[in-house]
1. Restricting to region 224-241, name every residue that is of a type in the set (Ser, Thr, Tyr), open to solvent by 40 Å² or more (accessible area, probe 1.4 Å) and not in a loop (DSSP other than H, G, I, E, B).
2. Taking the residues in region 19-53 that are modelled with pLDDT under 90 and buried (at least 21 other Cβ atoms within 10 Å of the Cβ) as candidates, determine which candidate is farthest from Lys85 (Cα to Cα).
3. Starting from residues that are touching a helix residue (DSSP H, G or I) at 6+ places or on another chain (Cβ under 8 Å) and among the charged types (D, E, K, R), keep the ones in region 99-121 and report whichever is most open to solvent (accessible area, probe 1.4 Å).
4. With the requirement that a residue be part of a helix (DSSP H, G or I) and open to solvent by 10 Å² or more (accessible area, probe 1.4 Å), what does region 58-74 give you?
5. Give the residues of region 75-98 that are part of a helix (DSSP H, G or I) and touching a helix residue (DSSP H, G or I) at 6+ places or on another chain (Cβ under 6 Å), sorted by residue number.
6. Report yes if Val218 is at pLDDT 80 or above and under 24 Å from Pro102 (Cβ atoms), otherwise no.
7. Quick check: is even one residue across region 75-98 open to solvent by less than 30 Å² (accessible area, probe 1.4 Å), among the basic types (Lys, Arg), at pLDDT 95 or above and under 26 Å from Gly36 (Cα atoms)?
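The values are calculated or read from the model by the stated rules, or taken from the named source; none is laboratory data. As the structure is a computational prediction, the values presented were derived from the model and not from experiment. Heads up, the Cβs are rebuilt from the backbone with ideal geometry, glycines too, and the neighbour counts pull from every protein chain shown. With ligands, DNA and RNA removed, areas are computed over all heavy atoms of the protein, side chains included. Shrake-Rupley method; radii C 1.70, N 1.55, O 1.52, S 1.80 Å.
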Amino acid sequence: MNFNEKLTLDSREAIVVSGKNSYHHGDLRRSLIDEGLAVTRTQGPQGLGLRAVTRRVGVSANAAYRHFANQQALVAAVAGEILEKMAEQMRTFMAAEMPSDPRALARHRLRAVGLGYITFAVSEPGWFETAFFDVERGESEGGGTGERSAADSNAASPNYSDTVPDHSDASGTVPDHHSTAAASVERELVPKRNDALPVHVDMAPPFALLVGALDDMVVAGTLSAARREGAEWSCWSSVHGFAELVVHGPLQRQDSGEVMRLAERVVDDIIAGIV
């Protein structure tokens, strides 16, 4: 698999601008998000000002406010789509191999989740930074800054602090599939349970894939219920921290082959550490 493969942007709808301060538009919200994706892919969250995006689309800022109350609302919408793109990269890695042995398959899926996450972060640093951008503080985990208004400070920031799933039932055992979920980045994160669902449909997609892969490890008998509890945070912090070292830290200058070798070592080590 090509480590530097770029993900394609969603196709854009045509915008027809006619005359000063007038326009015809099929889906302005969609176009603003698409433009936000284009800007952040090359500039990161620093380029995602609401006024700047509306200028690029060719509409007034007032028109954009009908769809997004402030910059943070636009960032949340763009970040949500970036997280889905990241999840798609992870799914591609998961589908690359299908071992017949359930234990080997479960381990492969967890490994693919980690490597897919790192690959996306390294190949799309602008999107990666935007996905975890905190408009409230005006900075990302990588230390960038962005446009902020007074209205932004009153809006909720996307975060995962309330997405800790409950993995045990009344007997303290882990069910085959559970769905203790949290709302998406555009909604308040309120945990809820729906054991009838086989996937974690309301979590941010990359986190849902990680949780599901860990649960599959338990079902396959590769990971004990006791070791499963909280394992998503050990796994996520390891791959996210490594990605940060590549995108913003001392591994920036390493060639892609060496980065992948190190990425595989990190993912293999964390899996060995939790089982």
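1. First, pick out the residues of region 224-241 that are of a type in the set (Ser, Thr, Tyr): 224, 234, 237-238.
Going one step further and asking which of them are open to solvent by 40 Å² or more (accessible area, probe 1.4 Å), we end up with 224, 234, 237.
Within region 224-241, Ser234, Ser237 qualify.
2. Checking each candidate, the answer is Leu50.
3. My answer is Arg107.
4. Restricting attention to region 58-74, the residues satisfying the condition of being part of a helix (DSSP H, G or I) are 61-64, 71-74.
Result: Ala61, Asn62, Ala73.
5. Hits for region 75-98 are Ala77, Val78, Ala79, Ile82, Leu83, Glu84, Met86, Ala87, Gln89, Met90, Phe93, Met94.
6. Numbers: at pLDDT 80 or above: yes; under 24 Å from Pro102 (Cβ atoms): yes.
Yes, satisfied.
7. Of all residues in region 75-98, those open to solvent by less than 30 Å² (accessible area, probe 1.4 Å) come to 75-80, 82-83, 85-87, 89-90, 93-94.
Narrowing further to those that are among the basic types (Lys, Arg): 85.
Subsequent filtering for residues that are at pLDDT 95 or above retains 85.
Now drop any that are not under 26 Å from Gly36 (Cα atoms), which leaves 85.
Looking for residues that are open to solvent by less than 30 Å² (accessible area, probe 1.4 Å), among the basic types (Lys, Arg), at pLDDT 95 or above and under 26 Å from Gly36 (Cα atoms), one finds at least one in region 75-98, hence yes.
Yes/no per residue for (1) farther than 18 Å from Glu124 by Cβ; (2) open to solvent by less than 50 Å² (accessible area, probe 1.4 Å); (3) assigned to a loop (DSSP other than H, G, I, E, B); (4) at pLDDT below 95:
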| position | (1), (2), (3), (4) |
| --- | --- |
| Ala243 | no, yes, no, no |
| Leu251 | no, yes, yes, no |
| Met260 | no, yes, no, no |
| Arg265 | yes, no, no, no |
